[in-house]
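A.B. asks: Let me give you the structure first, and then I'll get to my questions.
The values are calculated or read from the model by the stated rules, or taken from the named source; none is laboratory data. Quantities reported herein were computed from a predicted structural model and do not represent experimental measurements. FYI the Cβ positions are ideal-geometry reconstructions off the backbone, even for glycines, and counts take in every protein chain you see.
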Amino acid sequence: MIRPTLSLTSILALCAGSAVAQDMNFNRIASFMVAANTPDAEETSAEIISATEDGMTLVYSDSPAGVIGFIDITDPANPVAAGVFAMPEGEPTAVAVHGMTAYAGENTSASFVEPSGVLHAIDVPSRGGLASCDLGGQPDSIAVSPDGGFVAVAIENERDEDLGDGRVPQLPQASWPSCPPPRAAWTVTG
């Protein structure tokens, strides 16, 4: 008597588990060709992606094309190319969005021993630059606090893999830049 009960319990658990797992599967409803935003680029690739607070615009970094791209997903099943913000000097490394402001890191490094970068605040609706801040190093990733009170930027300063077989440490090491809120003291770019 114990065996049938145990077997029935196992079967019920498996059925319930597969129903729950089915609800958790990724269900693609559309795809988007990043080249639609940069048709003249030789190479393009969406890397880091973030969404506006209303969830209607996706913002992504495209390092090979040197832009921050925008995708209108008002109709999620039919995403539409919505323009780009071209990096002034280098390549984007990351993007994070708070409200309708995108924060993008730009690698402007001349070499491994002269790392440099800029943090840009971009107005999502107009695709225009609001402000920029010199980071004193090569940005890698960005995060914005939930209240938008601060932006954290990881400074990577890539190492030269050919120098000393890529061993660490290699100077210059990463640093902690400090940029006041964009409306206070950044260089206005727009």
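A.B. asks: Looking at this structure, is residue 104 surrounded by fewer than 20 Cβ atoms within 10 Å (Cβ to Cβ), closer than 16 Å to residue 121 by Cα and modelled with pLDDT of 95 or more?
C.D. replies: For residue 104, the condition - surrounded by fewer than 20 Cβ atoms within 10 Å (Cβ to Cβ), closer than 16 Å to residue 121 by Cα and modelled with pLDDT of 95 or more - is not met.
A.B. asks: For residues in region 116-141 being hydroxyl-bearing (Ser, Thr, Tyr) and in a loop (DSSP other than H, G, I, E, B), which is modelled with the highest pLDDT?
C.D. replies: 126
A.B. asks: Taking the condition in contact with a His (Cβ under 6 Å, 6 or more places away or on another chain) and free of Cβ contacts under 8 Å to residues at least 60 places away in the same chain, does residue 132 pass?
C.D. replies: Answer is yes for this residue.
A.B. asks: If you don't mind, another one. Name the residue that is surrounded by the fewest Cβ atoms within 10 Å (Cβ to Cβ), counting only residues in region 55-101 that are in contact (Cβ under 8 Å) with a residue 12 or more places away in the chain and among the acidic types (Asp, Glu).
C.D. replies: Once the filter is applied, the top-ranked residue is 89.
A.B. asks: State the number of residues belonging to region 73-97 that are polar (S, T, N, Q) and assigned to a loop (DSSP other than H, G, I, E, B).
C.D. replies: Total satisfying the criteria: 2.
A.B. asks: Name the single residue that is surrounded by the most Cβ atoms within 10 Å (Cβ to Cβ) among those in region 107-135 being more than 20 Å from residue 61 (Cβ to Cβ) and of a type outside the set (D, E, K, R).
C.D. replies: Filtering first and then ranking leaves 112.
A.B. asks: Any chance you could count how many residues in region 110-129 are over 24 Å from residue 39 (Cβ atoms) and touching a residue at least 40 places away in the same chain (Cβ under 8 Å)?
C.D. replies: Counting residues in region 110-129 that are over 24 Å from residue 39 (Cβ atoms) and touching a residue at least 40 places away in the same chain (Cβ under 8 Å) gives 5.
A.B. asks: Same structure again: Scan region 98-115 and tell me whether some residue there is of a type in the set (Asp, Glu) and part of a loop (DSSP other than H, G, I, E, B).
C.D. replies: No - not one qualifying residue is present in region 98-115.
A.B. asks: While we're on this one: Condition first: among the polar types (S, T, N, Q) and part of a strand (DSSP E or B). Can you find one or more residues in region 52-66 that meet it?
C.D. replies: Taking every residue of region 52-66 in turn, at least one turns out to be among the polar types (S, T, N, Q) and part of a strand (DSSP E or B).
A.B. asks: Hey, among the residues in region 20-44 that are loosely packed, with under 10 Cβ neighbours inside 10 Å and in a helix (DSSP H, G or I), which one's modelled with the highest pLDDT?
C.D. replies: Here the answer is 23.
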